[in-house]
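> After the structure tokens below, expect a handful of questions from me.
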Amino acid sequence: SCCYLSRRLNQLSSHDPLWKRHCKKYWLISEEEKSQRNQSWKAIFISTYSDLGRYIRYYATLKKAWDDLEKYLGQRCPRMIGSLKESVQEEDLDAVEAQIGCKLPDDYRCSFRIHNGQKLVVPGLMGSMALSNHYRSEDLLDIDTAAGGFQQRLGLKQCLPLTFCIHTGLSQYMALESVEGRNKYEIFYQCPDQMARNPSAIDMFITGTSYLEWFTSYVNKVVTGGYPIIRDQIFRYVHDKECVATTGDITVSVSTSFLPELSSVHPPHYFFTYRIRIEMSKDALPEKACQLDSRYWRITNAKGDVEEVQGPGVVGEFPIISPGRVYEYTSCTTFSTTSGYMEGYYTFHCLYYKDKFFNVTIPRFHMVCPTFKVSTARMETNHNEYAVDEDEDSTDTDEYEDRRRVLDIPAPSGRCPRHT
């Protein structure tokens, strides 16, 4: 606009170095890409703006997230990168809006101008979880599949699925309107209220306040190593760096994860899985080799109720730990309160000195249910139904611990053994 005011402003607005900064800031155009396109910085900015201008607030952030994710997974999960779909065009997104009768948020549209989700494959881009015979792997849905799953039924009115797990049927939804107690563009897992008389009573575990925040925070956890990569899959275990304990030459660390598909708000039943890593220093002397005999757990829920559990081995095994060796296993526990913590110790005996026993500390690790919202249908049906019983104690479930690696786990025939 300025270029029409005077000759000098016209000259300034055509000064190419001024446009270079904007091209790099808003569209992440590199010098190499510029040379390939054989255009001036101003021409590149204007042509890109004519196509993506409505997304200027989001494009650089989302493009960087996608680029970082592709670079990181390209070295570790190349098969997953191969499942990503090419971008869609504006007319495709406009057609979806016309089909569902709702406007899509610009940050969501912008992401799909970069990648149109992924094919329905395993493993899914949005993370996996495996425990005994329970397996979950969430795909990022392409725009057409998401539109086909758009909900208008009571309890999920005007909600668009973002992810889908072909094993469990689990999805994360985005609310396209502020109805049924949801905030517009809020992202959540649905949780049917098992105690309500109204079948449309659906509680929600909140996973994001907007698509931009939801997607970029997930990518950040992946590319910074916050989520481990195991057998070509992203596992959504969160590790607290302070949750590490070293006893002599043995270090124990713990990461945890909340499983919404096995949890409920009514009745209060919050399901967590934890992954434990036991490692002996590679500098330890050979005679420090030892074998795990038993475990002891002290489990405390949010009300301060304590349960103590002791038993032989872990996952039915009695692993031998030697210098440089790592042993990992996965287990689970449930709480009737929204949070709790566990701590304890393992008892080992030395292989070279059979009569020598010692304890190895398991660091205290906390498990906290994500933010949730109760169903408005329940509130409208019966206000008294909110009186919930939280007297059930949490239970250590080491008898169900399983050291199987991901791809060895069959598709589940039901719920986790804790529930069978």
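> Please quote Rg/Rh for segment 7-54 to two decimal places, taking the Kirkwood radius as Rh and restricting both calculations to Cα atoms.
Using only Cα positions, Rg/Rh for segment 7-54 is 0.98.
> Compute the convex hull volume of the Cα atoms of segment 221-307, divide it by the residue count, and report the result per residue in Å³ as a whole number.
174 Å³
> Relative contact order for the chain using alpha-carbon pairs under 8 Å, separation at least 6, rounded to a whole percent?
That works out to 14 percent.
> Something else now. Hey, what's the Cα Rg ratio for the chain versus the globular rule of thumb, 2.2 N^0.38 Å?
Cα-based Rg divided by the globular estimate yields 1.18.
> Evaluate E = 1/(1 + (r/R0)^6) for residue 231 and residue 281, where r is the Cβ-Cβ distance and R0 equals 45 Å; express this FRET efficiency to the nearest 0.05.
FRET efficiency, residue 231 to residue 281: 0.95.
> Turning to a different aspect of this structure: Please arrange 58, 274 by accessible surface area, largest first, computed with a 1.4 Å probe and ligands excluded.
Result of the area sort, largest leading: 58, 274.
> On a C-alpha basis, how far is the centre of segment 356-373 from the centre of segment 234-302 in Å? Whole number, if you could?
Using only Cα atoms, the two centres lie 6 Å from each other.
> Give the Cα extents of segment 295-387 along the principal axes, in whole Å, largest first.
That works out to 67, 24, 20 Å along the principal axes.
> Jot down the per residue volume, in cubic angstrom and as a whole number, of the convex hull over the alpha-carbon atoms of segment 58-224.
Considering the Cα atoms of segment 58-224, their hull volume per residue is 117 Å³.
> Right, next: Taking the chain as a Gaussian network, where each spring joins two C-alpha atoms under 10 Å apart, which residue of 222, 314, 306 fluctuates the most?
Maximum among the listed residues: 306.
> Please label the shape of segment 64-159 as rounded, prolate or oblate, based on the square roots a ≥ b ≥ c of the eigenvalues of the alpha-carbon gyration tensor (a/c under 1.5 means rounded; beyond that, a/b larger than b/c means prolate, else oblate).
Oblate is the answer for segment 64-159, as a/c is 1.5 or above yet b/c matches or exceeds a/b.
> Please give the per residue accessible area of the chain, computed with a probe of 1.4 Å over protein heavy atoms only, in Å².
That works out to 46 Å² for each residue.
> Shifting gears a bit: Where is the GNM fluctuation largest for the chain (alpha-carbon springs, 10 angstrom cutoff): 269, 239, 22?
Comparing 269, 239, 22 in a Gaussian network model of the chain, the most mobile one is 22.
> Counting only protein heavy atoms and using a 1.4 Å probe, what share of the accessible area of the chain belongs to carbon plus sulfur, as a whole percent?
Carbon-and-sulfur percentage of accessible area, whole number: 49.
> If I model a spin label as a point 7 Å beyond the Cα along the Cα-Cβ vector, how far apart are those points for residue 269 and residue 177 in nm?
3.4 nm
> Can you tell me the Rg and the Dmax, both Å, for the Cα atoms in segment 240-372?
For segment 240-372, the Cα-based Rg and Dmax read 16.2, 53 Å.
> If each of residue 37 and residue 144 carries a label point 7 Å out from its Cα toward its Cβ, how far apart are those two points in nm?
That separation, rounded to one decimal, is 2.9 nm.
> Something else: What length, rounded to one decimal in nm, is gained on full extension from residue 79 through to residue 376, with 0.36 nm per residue of separation minus their alpha-carbon distance?
Roughly 102.7 nm would be gained on extension.
> Further question on the same structure: Over segment 240-372, what is the relative contact order in whole percent, taking alpha-carbon pairs under 8 Å and six or more residues apart?
30 percent
The values are calculated or read from the model by the stated rules, or taken from the named source; none is laboratory data. Note that the structure is predicted; figures quoted are calculated from it, not measured. Here Cβ is always computed from backbone atoms with ideal geometry, including for glycine, and neighbour counts include all displayed protein chains. Just the protein is used for accessible areas: all its heavy atoms, side chains included, with ligands, DNA and RNA removed. Shrake-Rupley method; radii C 1.70, N 1.55, O 1.52, S 1.80 Å.
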